[in-house]
Every structure is written in structure tokens, then in C-alpha cells.
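The values are calculated or read from the model by the stated rules, or taken from the named source; none is laboratory data. Everything numeric here is computed off the predicted structure, so don't read it as measured data. A quick note on method: Cβ atoms are made from the backbone with ideal geometry, for glycine too, and the neighbour counts reach across all protein chains shown. For the accessible areas, the whole protein counts, side chains as well, though only heavy atoms, and no ligand, DNA or RNA atoms are used. Shrake-Rupley method; radii C 1.70, N 1.55, O 1.52, S 1.80 Å.
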Amino acid sequence: MKSPIPQIIVGNRKKGEEFSLTADLSKVGINHVYIQPGVYEHSNSRTNISEAHKNCIRYAKEQGWEFCIILEDDVKFTHTDSYRYFLDSMNNLPKDWDVYTSAFYTCRSFEKDYQNIYRVQHFAGLHCYAVNSKFYDTFLSCPDNHNIDVWVSENLNNYCYCCYPFAAIQEAGYSENVMQEKDYSYLLKGKELFSGFAQ
């Protein structure tokens, strides 16, 4: 994995609040990130969220990054080793990968590809994910009023992958998407969360 890792935080979680993170990223080894402000100018929350994520991709494209890792400001890592596990597992991705995510909440197709790498289709959840530069323009073509995660995963031709066990989940709290407090942990029932490297 090349250094420095191109990391972007997208926030804020709620309009009008000062930027804050629900996770102490230094505990998982994240110390230098570019912060991309949230978008709130549209009446449709899906458009705001989509545009905020696309702004991250625009920045990565401007920087000429081969890939970027995007974290939402409500990301919650499952263990102090989780981010290193996520990065290390990227070395096992096939060369044609488009998007690599740390977890999902709903998914239509989930098939093991190699070691802890699984192919996924039609998933929801982009709280910690990587995007390959070859997919930047496709990502940016997502129409307004769409859930960005669902749209992206429906337009990948099965080049989207997920690590499993999951490396990061979404902290319960206010959701800009549905404009209320939400806890999606019930959707993780039966799923395995990364609990650290074997000693």
C-alpha cells in the first residue's frame, strides 16, 4: 500500500453543527485526512448526500490519486486493528475492482471471491469505502435524487467488493438521509465483525 494513504472524511452529520467525528480515528491509525464539508443546499437529502460523496471523488480526481478512501463522519471501526485489516485486504483485490467497502447493511448478492474478499451487488452502506480511479467518472455520473450507495452498486457490473468480517459500521445517531435518529445495527444480526488479528 502506497504512502500516504489518500483518505477523505465527508461530513457534517447534521446541518448547522460543527464538524465532529464519532470515532477516535487516531486509535485505528488514521492521523492525516482531508475533510470535505457536507452539502445542504438542496431540498432533497439524497441529493445532498450524493453531492457530498461526489465532491470527495472530484477532489481525489484533481489530486490524481489512483484510488481514494472515503469515511463518513459517523464511521465506527469494530476493532483498533480494523483499519489496518481493511487496508491490508486491499492487496488481495482483483485488478478490475471499482469499489471496495468495509461493510454493508443490505445486499442482494454476497459471494466469496478470495480469502476475506467478497463480491457484492445492490448493497447499501458507504461509511468506509475505497474507490478506484478508473471508476471516478462513473461515480460522478450518479443522477440526483438517488441513494448514492445503491446506485453505485447497481452500476458496477459486479466489480464491487467487501471485506468480511466487516471492518467498520455506522454509529447510531442522527441520519441526514431520513432526517431522524437511526440505529441500523439490527441489520447486522448474523454478520461477523472483525475482532482483531490472531495473536
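The charge dipole of region 39-90, taken about the Cα centre with unit charges on the Cβ atoms of Lys, Arg (+1) and Asp, Glu (-1), comes to about 120 debye, rounded to the nearest 20.
Just to confirm, what accessible area per residue do you get for region 46-129 at 1.4 Å probe, in whole Å²? Don't skip to the answer; put the middle values down first.
Details: 3350 Å² over 84 residues.
On a per-residue basis, 40 Å².
At an R0 of 30 angstrom, the distance between the Cβ atoms of Asn145 and Phe197 translates into a FRET efficiency of 0.10.
Among the protein heavy atoms, those of Arg58 account for about 80 Å² of accessible surface (1.4 Å probe, every chain in place). Taking 0.36 nm per residue of sequence separation and removing the Cα-Cα distance, the Thr138/His122 pair yields an extension gain of 4.2 nm.
Each residue of region 109-125 was assigned a 3J(HN,Hα) from its phi angle through the Karplus curve 6.51 cos²θ - 1.76 cosθ + 1.60 (θ = phi - 60°); the sequence is 9, 8, 10, 5, 10, 7, 6, 9, 9, 10, 7, 10, 9, 6, 10, 10, x Hz, with glycine and proline shown as x.
Sequence-distant contacts, meaning Cα pairs under 8 Å at least 6 residues apart, place the relative contact order of region 40-121 at 15 percent.
Leaving ligands, DNA and RNA out of it, rank Asp73, Asp81, Asp88 by accessible area with a 1.4 Å probe, largest first. Intermediate values should be presented prior to the final figure.
Details: Asp73 10, Asp81 30, Asp88 75 Å².
Descending accessible area places them as Asp88, Asp81, Asp73.
Take the Cβ-Cβ distance between Glu41 and Lys61 as r, set R0 to 22 Å, and report the resulting FRET efficiency rounded to the nearest 0.05. Let's see the in-between values first.
On the way: r = 21 Å, r/R0 = 0.98.
The calculated FRET efficiency here is 0.55.
Pairs with C-alpha atoms separated by more than 18 Å, drawn from the list Lys112/Lys191; Lys76/Lys191; Lys54/Lys191; Lys54/Lys95; Lys27/Lys189; Lys27/Lys191, are Lys54/Lys191; Lys54/Lys95; Lys27/Lys189; Lys27/Lys191.
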